[in-house]
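Quick notes on the structure that follows.
Please treat every number below as a calculation from the coordinates, not as lab data. Everything numeric here is computed off the predicted structure, so don't read it as measured data. A quick note on method: Cβ atoms are made from the backbone with ideal geometry, for glycine too, and the neighbour counts reach across all protein chains shown.
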Amino acid sequence: MSACLELTDLVKKFGGLVATSGVSFKVEQGESIGLIGPNGAGKTTIFSQIMGELRQTSGKILLYGRDIRRLSTPARIKRGIGRTYQVPRPFREMNVLENIRVGLMPDNIWKMVFEGPDRDREEELALSVGLSPGDLLRTPAELSMGDLRKLEMARTMATEPSIMLLDEVFAGLTKGEISQIGDLIGELRDDGMTFLIVSHDLPALEPLVDRCIALDQGRKIAEGPFDEVMRDEAVRASYLGG
Amino acid sequence: MAVRGRHLALWGLFMAGGLLLPLLVDTGIIGRGTLRTIIMANFLAIFAMSWDVLSGRTGYISFGHPFLIGIGAYTTAILTRRFDVAVEYSIPIAVLVTMIGGAVLFIPALRIRGSYFALVTLAFMELVYQLVQVIRPDLTGGTRGMSGIVTLTKGAVQGYYLSFTLMALLGFFLWLLMKTRLGTALSAIGMNEDSVAGSGLNTTRLKLVAFMLGAFAAGLGGAFYVHYLGSIAPRALFDINFVFTIIVAALIGGAATITGPIFGAFFLTFLLEYLRPVLPGAERYLIYGGIALLVYMYQPGGLHKILEVGLERLRKRANP
């Protein structure tokens with residue numbers, strides 16, 4: 001059986017800067033993998049290449065064994081990848097339900113016009129990520145950073161992904177919010193969701209991942225169980241400054 | 001963004017009121033001059049709504065809207081005046097040709113955004129302005145334009161009924177369409193296009209729909225406008241003041257609302273008309289620019305938002 005997601009020798013160059021340098025790894029269905037490394041290690045660049053927001057210079061990206069390099073971002077999303085961003089990107093003048101509505105929309109103009117929104121599903125998704133009923137009609141400006149991240153999770157889940165890429169999902173959150181998001185990821189994992197999680201918050205990340213991949217200056221420097229990667233000399237030198 | 005009964009009732013009232021308005025002319029409450037001013041406001045509202053669908057929603061600001069209006073106006077003018085095509089055929093053809101123009105205007109939007117896109121659209125308008133003057137002036141009338149174009153109405157009352165019916169039906173159609181999920185998706189593009197793509201939607205197709213819809217409305221408005229006036233003058237049509245009047249009407253009324261540009265168009269047309277006796281020259285534009293700036297600074301959502309907030313306060317006061 002092929003892996004859920006497989007990256008082979010992925011390279012991304014911005015002029016003379018090599019942002020991703022021959023990175024390869026596999027993600028199996030239902031697995032949760034942490035992608036760690038210092039700032040500028042290339043974690044977000046890898047996410048952007050998987051989503052098709054950045055074109056790789058060379059290398060392969062396979063989703064369930066199928067080469068997706070030529071697919072657009074919406075086409076990749078239709079095939080089951082979803083992503084959240086380091087800085088949440090909500091639709092600022094829309095309320096929570098309307099934001100989720102965009103994620104739930106079919107990519108078909110006729111259906112957009114002639115079929116109404118599924119308000120029950122919008123509400124269900126909002127509540128399932130831990131937003132309160134009082135938040136549903138609030139605009140992003142009225143939400144905390146934790147709620148914005150929940151909203152982004154809900155909008156991503158609305159596209160029905162089988163693999164979610166979470167970028168700095170704990171950044172700017174309080175301890176309580178970290179715990180809520182952690183619980184949500186745990187619940188989704190129990191339902192069979194596959195995760196690739198970028199985070200600088202290692203204590204929060206540890207219980208959520210099966211293994212870790214450490215990057216430094218665009219290269220993969222270690223891969224394995226969380227503890228093992230943390231003990232790795234190269235990781236300590238680059239990431240932990242040890 | 002749902003369609004509520006009270007919204008439909010307001011549209012019904014607006015249409016009924018509009019259709020009954022000419023009765024006041026006979027009673028002497030309003031003059032034919034005022035009716036002519038309303039006709040101009042109706043056409044400006046059509047142009048402002050078409051700009052609103054294209055630019056107000058998606059955030060792709062067009063400074064070259066007369067490019068589309070001009071295609072509609074010139075196509076039907078040439079077909080009827082030079083080739084004796086009946087108006088009932090020339091107007092649909094003009095609308096179709098304008099939609100093709102909308103697709104052409106869309107091409108730069110595939111690669112550029114923001115001020116760069118706005119400048120390219122301005123260049124489109126300038127290009128057509130120069131082209132109609134030098135290419136086949138025997139068809140376009142060159143710098144002098146064309147006159148003697150068949151008119152669809154006689155007198156202010158008929159002109160009013162034509163322009164109002166067109167504006168109200170087009171406005172209702174666009175308003176209804178923008179209340180669907182398509183309207184939500186187009187608004188989302190204006191707020192964050194990358195997030196729309198990140199939600200699995202094909203933004204290129206959505207933008208193309210917005211451009212075609214905007215072109216449809218601009219072409220329809222342009223074609224009927226020329227058959228109302230009976231003439232076409234390139235200098236007045238492809239004028240930067242005309243562009244800004246359309247944009248300011250949409251913004252002052254409230255962009256991305258459809259109904260806002262109608263308020264804005266009426267507000268601006270009457271403001272300019274009432275200022276005419278006091279300030280007959282171009283300095284009137286200074287006054288309207290200043291008022292537009294004040295409204296926009298006070299409430300970027302425009303008159304539509306001011307009205308909405310006011311009504312909400314009244315409702316809260318009535319039901320605390």
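For chain A, compute Rh as the Kirkwood radius over C-alpha pairs and then the Stokes-Einstein diffusion coefficient at 4 °C and 1.567 mPa s; write the answer in µm²/s, rounded to an integer.
70 µm²/s
When N is the residue count of the stretch A:102-242, what does its C-alpha Rg come to as a fraction of 2.2 N^0.38 Å?
Here the Cα radius of gyration is 1.25 times the empirical estimate.
Arrange the following residues from fewest to most other Cβ atoms within 10 Å of their Cβ: A:CYS4, A:CYS212.
The order, fewest Cβ neighbours first, is A:CYS4, A:CYS212.
Find the Cα radius of gyration of chain B, compare it with 2.2 N^0.38 Å by division, and give the number to two decimals.
Expressed relative to 2.2 N^0.38 Å, the Cα Rg reads 0.99.
In 10 Å bins starting at zero, report the fraction of Cα pairs in the stretch B:258-317 per bin as a rounded %.
21, 43, 27, 8, 1
Give, in nm to one decimal, the length gained when the segment between A:LEU202 and A:ALA171 is fully stretched (0.36 nm per residue of separation minus the Cα-Cα distance).
Here the segment from A:LEU202 to A:ALA171 would lengthen by 10.0 nm.
Could you give the distance between the Cα centres of the stretch A:167-202 and the stretch B:159-226, to the whole Å?
39 Å
If you look at just the Cα atoms of the stretch B:64-190, how large are its Rg and its Dmax in Å?
Final numbers for Rg and Dmax: 17.2, 47 Å.
Using 0.36 nm per residue, how much length does the chain from B:ARG317 to B:GLU283 gain when fully extended, once their Cα-Cα distance is taken away?
Result: 8.1 nm gained on full extension.
Which value in nm describes the separation of the simple spin-label points at A:SER72 and B:ARG205, placed 7 Å from the Cα toward the beta carbon?
0.8 nm
B:MET15 versus A:GLU115, label points 7 Å from Cα toward the beta carbon: distance in nm?
2.9 nm
Give the residue list of trypsin sites (Lys or Arg not before Pro) in the stretch B:117-195 that are DSSP loop and have at most 14 other beta-carbon atoms within 10 angstrom.
B:LYS154
Only counting other Cβ atoms within 10 Å, I'd like B:TYR225, B:TYR116, B:TYR74, B:TYR129 sorted with the fewest neighbours first.
Ordered from fewest to most neighbouring Cβ atoms within 10 Å, B:TYR225, B:TYR116, B:TYR74, B:TYR129 come out as B:TYR116, B:TYR129, B:TYR225, B:TYR74.
Which of the DSSP-defined H helices in chain B satisfy a minimum axial length of 27 Å, computed from C-alpha atoms, and a minimum mean Kyte-Doolittle hydropathy of -0.5?
The qualifying helices are B:32-51, B:87-109, B:114-134, B:155-178, B:203-229.
Of A:LYS12/B:LYS207; A:LYS26/A:LYS220; A:LYS150/B:LYS316; A:LYS150/B:LYS179, which sit over 19 Å apart, Cα to Cα?
In this structure, A:LYS12/B:LYS207; A:LYS150/B:LYS316; A:LYS150/B:LYS179 lie more than 19 Å apart at Cα.
Hey, got a sec? Which trypsin sites (Lys or Arg not before Pro) in the stretch A:1-95 land in a DSSP loop and have at most 10 other Cβ atoms within 10 Å?
Answer by residue number: A:ARG55, A:ARG70.
In angstroms, what radius of gyration and Dmax does the stretch A:36-118 have, counting Cα atoms only?
Every Cα atom of the stretch A:36-118 included, Rg and Dmax give 15.7, 48 Å.
Taking the Cα centre of each part, how many Å lie between the stretch A:1-36 and the stretch B:258-300?
Comparing the Cα centres of the stretch A:1-36 and the stretch B:258-300, I get a distance of 57 Å.
Could you derive backbone 3J(HN,Hα) for the stretch A:111-128 from the dihedral phi with the Karplus parameters 6.51, -1.76 and 1.60 (θ = phi - 60°), listing whole Hz in sequence and x where the residue is Gly or Pro?
In residue order, the calculated couplings are 5, 4, 7, 9, 10, x, x, 8, 5, 5, 5, 4, 5, 4, 5, 4, 6, 5 Hz.
Which FRET efficiency value, to the nearest 0.05, is calculated for A:ASN39 and A:LEU137 with the Förster distance at 41 angstrom and r the Cβ-Cβ distance?
0.65
Quick one: grab Rg to one decimal and Dmax as a whole number for the stretch A:92-160, Cα atoms only, in Å.
11.7, 36
Using the count of nearby Cβ atoms within 10 Å as a rough guide to exposure, how do A:GLU124, B:GLU193, A:GLU93 rank from fewest to most?
A:GLU124, A:GLU93, B:GLU193
How many partner chain Cβ atoms sit within 10 Å of a residue's Cβ in peptide B:177-186, on average, as a whole number?
That average works out to 5.
With the Cα gyration tensor of the protein assembly as shown in hand, convert its eigenvalues to equivalent ellipsoid semi-axes via √(5λ) and list them largest first in whole Å.
Ellipsoid semi-axes (Å, largest first): 54, 27, 19.
Using the Karplus curve 6.51 cos²θ - 1.76 cosθ + 1.60 with θ = phi - 60°, work out ³J(HN,Hα) for each residue of the stretch A:139-146 in order, rounded to whole Hz, and write x for Gly and Pro.
Result, ordered by residue: 8, x, 5, 9, 9, 6, 4, x Hz.
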